[in-house]
Amino acid sequence: MSKGKQTVKATTPIVAGYYRDVSRFSDACGAATAAGHQPEAFTPWPVHGLETKLGIPRSTLGRPVLAVILVGFALGLHLCWYTQYQDYPLNVGGKPYFAWQTFVVVIMETGLLLGALANMGIALHLCRLLPDPNTRLINDRITDDTFALVLPIMAGKDAEGLSTWLREQGAEEIQVLGVAETAAAEEPVHA
Amino acid sequence: MSTVATIEPAPPSSQELPPLTAKQITDDITRPLFTKPPLVWHGAIAAMQALAGLLVIAIALYCIEGYGIFGVNQPVNWGNDITTYIFWIGIAVAGTLVSSVLFLFRQTWRTAVNRSTEAMTVFAVQIAGLFPLIHTGRPWVDFWLLPYPNDRMLWPNLKSAIVWDVFALTAYATTSIIFWYFGLIPDFATVRDRATNKWQRMIYSVLALGWRGKANDWVHYERAYSQFAWIATPLVIGMHSTIAILAAVGKVPGWHATIFGPYFVCGAIFGGLAMALVFLIPMRSMLKLERYITLDHLEKLAKIMLLCGLLVTYVYTVEFFSAWWSESTYERHQFIYRALGNWSFAFWIMMTCNVAIPQLLWFKAVRRNLLALMAIGIAVNIGMWFERFVIISLSVMQDHVPAAWDYSFTFRTFDWFILIGSFGLFFFFILGFCRVVPVISIAEIKAHLLKPSQPKRHGGHHE
């Protein structure tokens, strides 16, 4: 990333370059990052290696989910101890009121169930996913066969220059979105 | 999703077809969602709905009349409902094997079938869950099984294996459903962006949760998918092992065996893969997906089925050996009773369908013959239902109290209703699934089929 990185807001105008060739698209992503364009990429399927080229860090999903699983184990253990020993000790064939081996299934299932729910919830939060009946993408083919490389039009850059740069990187189609004079003719931007 | 590999080569007949493109894949897989279903589909779903109606009738009558409408009796309290419960749990287990265990073992061919087998899991586990809820006798107070502070100041006995099963089933069913849905999110987005009908677009838009395919999101998505697989694997093994422990901790002759855990898991995979073959073969043909769900995929499922069939055969043998070795009169009697008693036909159907018939899968010609595979799948399903019946019901028929031995257990009309109705409901769900959900993971299969080939890229550098 270049020095003096500027913040890209949701309202920042963008130039989108569309690709069908995944290799060319992947190379363009690397070039955009190297040139300090602060690119965002949209792909119909996961492209491996792209995260390195775009400088995307590893997902932070692992540790919170592990923590929830461990807390779930503790809650399961506590449930067993409280209900079977503390609150309602029931003599079953003279066996001990509390023996952790008896409760392995309850403890494991509680921890893993909470872990699965946390995994879903945290992943949806990280991806900012919520039910939305009116979702519109900058291009509907992004979920089909088209890759989009999106460059924000930051201070000191212009749409024309970025479009030319994308064309040089092999973009098959270019679209400028969110610029005052063109915005009226376009569909809502959801990028 | 983090694994990258190619799908198996297409069958010879399709090798002359033009190479697949991303658009072609989307078109092929989403076509059933945007076209009118054929007449045969309408006929099939109506028939399955009628069969599912039998289940509804039986449950309604049971709520009015009580548990006496079924053929259970003392000491055979565990009859058709528990047998069918374990049968459907077994079907569910195989789906998780494909979605999670094969994923963790980097078996990338699973991509073609994982969505369908996960659907099988979700439907089978819901149907299975009905049976213990019926079995309690008063289903309207089934919530007493859950540990919550209540005015009775009682807690469920967490030392009981029955309550372990409540935990195992709840955790497994919930995880299977959310795992399946999570995998569907990018595909729902694909359908959303192709929908022309306003309502269809809105519904899939809600289901897709605003998915945009952003590179950052794919990183989180793949990580979460992988973690789901790690979480689901112990859950699925725990699910069926818990049912096995439920039997094994009892003193009933024929149940009290340490081999029950792996025995049940192997049997479940065996039966579940057989069920997968039964519906995948007509489904791929009906939806014209032969290019994606190839004979190679079906053959691989058949090979795993054969392996599990051999393991199950080994356990059948070990059970007889252990009974003889135990020197327990009751254990020995139980196994003689299974093979030669008044319900011996159940045992011999089990042996024929689970031991003899699957041996045909040693032959490649059989493994690559669709009709033969389907017939074997049906046979194994019949065999696996009888296996559970033999284990559960025959064991309690002749327990440690000879005075209570029962010869009067029968299969009544409403036992047939809930058994046949459960199959009707399952296939009703499957037929519905084919028309509203992409039956193959679109994003995943594109990643595998359309990845840039390595030799071409290297070649390009040398030029």
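If you take the residues of region B:156-166 that are buried (at least 20 other Cβ atoms within 10 Å of the Cβ) and either without any contact (Cβ under 8 Å) to a residue 60 or more places away in the chain or not in a helix (DSSP H, G or I) (or both), which of them is farthest from the other protein chains (Cβ to nearest Cβ)?
B:166
Tell me which residues, restricted to region A:79-109, are surrounded by 21 or more Cβ atoms within 10 Å (Cβ to Cβ) and more than 7 Å from chain B (Cβ to nearest Cβ).
The one that is surrounded by 21 or more Cβ atoms within 10 Å (Cβ to Cβ) and more than 7 Å from chain B (Cβ to nearest Cβ): A:107.
Got at least one residue in region B:83-93 being farther than 30 Å from residue A:75 by Cα, outside any helix (DSSP H, G or I), in contact (Cβ under 8 Å) with a residue 12 or more places away in the chain and more than 14 Å from chain A (Cβ to nearest Cβ)?
No, region B:83-93 contains no residue that is farther than 30 Å from residue A:75 by Cα, outside any helix (DSSP H, G or I), in contact (Cβ under 8 Å) with a residue 12 or more places away in the chain and more than 14 Å from chain A (Cβ to nearest Cβ).
Say whether the condition of being part of a helix (DSSP H, G or I) and among the hydroxyl-bearing types (Ser, Thr, Tyr) is met by at least one residue in region B:276-294.
Looking through region B:276-294, at least one residue is part of a helix (DSSP H, G or I) and among the hydroxyl-bearing types (Ser, Thr, Tyr).
Could you list, in sequence order, the residues of region A:46-80 that are small (Gly, Ala, Ser) and at pLDDT 95 or above?
A:67, A:72, A:74, A:76
Within region B:218-258, work out how many residues are of a type in the set (Val, Ile, Thr), over 22 Å from residue B:166 (Cα atoms) and more than 9 Å from every other protein chain (Cβ to nearest Cβ).
0
Tell me, which residue of region A:121-144 that is within 7 Å of chain B (Cβ to nearest Cβ), more than 12 Å from the chain's Cα centre (by Cα) and buried (at least 19 other Cβ atoms within 10 Å of the Cβ) is nearest to residue B:226 (Cα to Cα)?
Selected residue: A:143.
Just one of the numbered conditions (1) within 7 Å of another protein chain (Cβ to nearest Cβ); (2) in a helix (DSSP H, G or I); (3) among the aromatic types (Phe, Trp, Tyr); (4) crowded, with 21+ Cβ neighbours inside 10 Å is not true of residue B:211; which one?
Looking at each condition in turn, residue B:211 falls short on (2).
When you go through (1) more than 9 Å from every other protein chain (Cβ to nearest Cβ); (2) touching a residue at least 60 places away in the same chain (Cβ under 8 Å); (3) surrounded by 20 or more Cβ atoms within 10 Å (Cβ to Cβ); (4) hydrophobic (A, V, I, L, M, F, W, C) one by one for residue A:118, which number turns out not to apply?
Against the list (1) more than 9 Å from every other protein chain (Cβ to nearest Cβ); (2) touching a residue at least 60 places away in the same chain (Cβ under 8 Å); (3) surrounded by 20 or more Cβ atoms within 10 Å (Cβ to Cβ); (4) hydrophobic (A, V, I, L, M, F, W, C), residue A:118 comes up short only on (2).
Yes or no, residue by residue, for (1) among the small types (Gly, Ala, Ser); (2) part of a helix (DSSP H, G or I); (3) in contact with a His (Cβ under 7 Å, 6 or more places away or on another chain); (4) over 30 Å from residue B:191 (Cβ atoms):
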residue: B:356; (1), (2), (3), (4): yes, yes, no, yes
residue: B:360; (1), (2), (3), (4): no, yes, no, yes
residue: B:379; (1), (2), (3), (4): yes, yes, no, yes
residue: B:385; (1), (2), (3), (4): no, yes, no, yes
residue: B:390; (1), (2), (3), (4): no, yes, no, yes
residue: B:420; (1), (2), (3), (4): no, yes, no, yes
residue: B:424; (1), (2), (3), (4): yes, yes, no, no
residue: B:433; (1), (2), (3), (4): no, yes, no, no
residue: B:438; (1), (2), (3), (4): no, no, no, no
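Can we say residue A:113 is of a type in the set (A, V, I, L, M) and either within 20 Å of residue B:154 (Cα to Cα) or facing chain B (nearest Cβ under 10 Å) (or both)?
yes
Residue-wise test of (1) β-branched (Val, Ile, Thr); (2) in contact with a Cys (Cβ under 7 Å, 6 or more places away or on another chain); (3) within 17 Å of residue B:393 (Cα to Cα).
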residue	(1), (2), (3)
B:231	yes, no, no
B:236	yes, no, no
B:241	no, no, no
B:245	yes, no, yes
B:249	yes, no, yes
B:269	yes, yes, no
B:272	no, no, no
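Among the listed residues A:59, A:23, identify the single one that is within 27 Å of residue B:225 (Cβ to Cβ), more than 21 Å from the chain's Cα centre (by Cα) and facing another protein chain (nearest Cβ under 7 Å).
After applying the criteria, what remains is A:23.
Which ones in region B:167-203 are more than 23 Å from the chain's Cα centre (by Cα) and either basic (Lys, Arg) or crowded, with 24+ Cβ neighbours inside 10 Å (or both)?
Of everything in region B:167-203, those that are more than 23 Å from the chain's Cα centre (by Cα) and either basic (Lys, Arg) or crowded, with 24+ Cβ neighbours inside 10 Å (or both) turn out to be B:186, B:189, B:190, B:191, B:192, B:193, B:194, B:198, B:201.
Residues being out of contact with any Asp or Glu (no Cβ under 7 Å at 6 or more places or on another chain), within 12 Å of residue B:303 (Cβ to Cβ) and surrounded by 15 or more Cβ atoms within 10 Å (Cβ to Cβ): count how many of those fall in region B:361-375.
3
Which residue out of A:122, A:153, A:107 is touching a helix residue (DSSP H, G or I) at 6+ places or on another chain (Cβ under 7 Å), in the same structural domain as residue A:22 (by TED's automatic domain parsing) and farther than 27 Å from residue B:450 by Cβ? Can you show your working first?
On the way: A:122 fails: in the same structural domain as residue A:22 (by TED's automatic domain parsing); A:107 fails: in the same structural domain as residue A:22 (by TED's automatic domain parsing).
One residue alone meets the criteria, A:153.
Would you check if there is a residue in region B:274-287 being surrounded by fewer than 20 Cβ atoms within 10 Å (Cβ to Cβ), over 30 Å from residue B:31 (Cα atoms) and out of contact with any helix residue (DSSP H, G or I) (no Cβ under 6 Å at 6 or more places or on another chain)?
Within region B:274-287, not a single residue is surrounded by fewer than 20 Cβ atoms within 10 Å (Cβ to Cβ), over 30 Å from residue B:31 (Cα atoms) and out of contact with any helix residue (DSSP H, G or I) (no Cβ under 6 Å at 6 or more places or on another chain).
Read through the list (1) on the phi < 0 side of the Ramachandran plot; (2) surrounded by fewer than 21 Cβ atoms within 10 Å (Cβ to Cβ); (3) more than 9 Å from every other protein chain (Cβ to nearest Cβ), then give the number of the only condition that residue A:156 fails.
Among (1) on the phi < 0 side of the Ramachandran plot; (2) surrounded by fewer than 21 Cβ atoms within 10 Å (Cβ to Cβ); (3) more than 9 Å from every other protein chain (Cβ to nearest Cβ), the lone unmet condition for residue A:156 is (1).
Could you check, for region B:292-306, whether at least one of its residues is within 14 Å of chain A (Cβ to nearest Cβ) and of a type in the set (Asp, Glu)?
No, region B:292-306 contains no residue that is within 14 Å of chain A (Cβ to nearest Cβ) and of a type in the set (Asp, Glu).
The values are calculated or read from the model by the stated rules, or taken from the named source; none is laboratory data. Note that this is a predicted model, so its numbers are computed, not measured. Cβ coordinates were reconstructed from backbone atoms using ideal geometry, including for glycine residues, and neighbour counts include every protein chain displayed.
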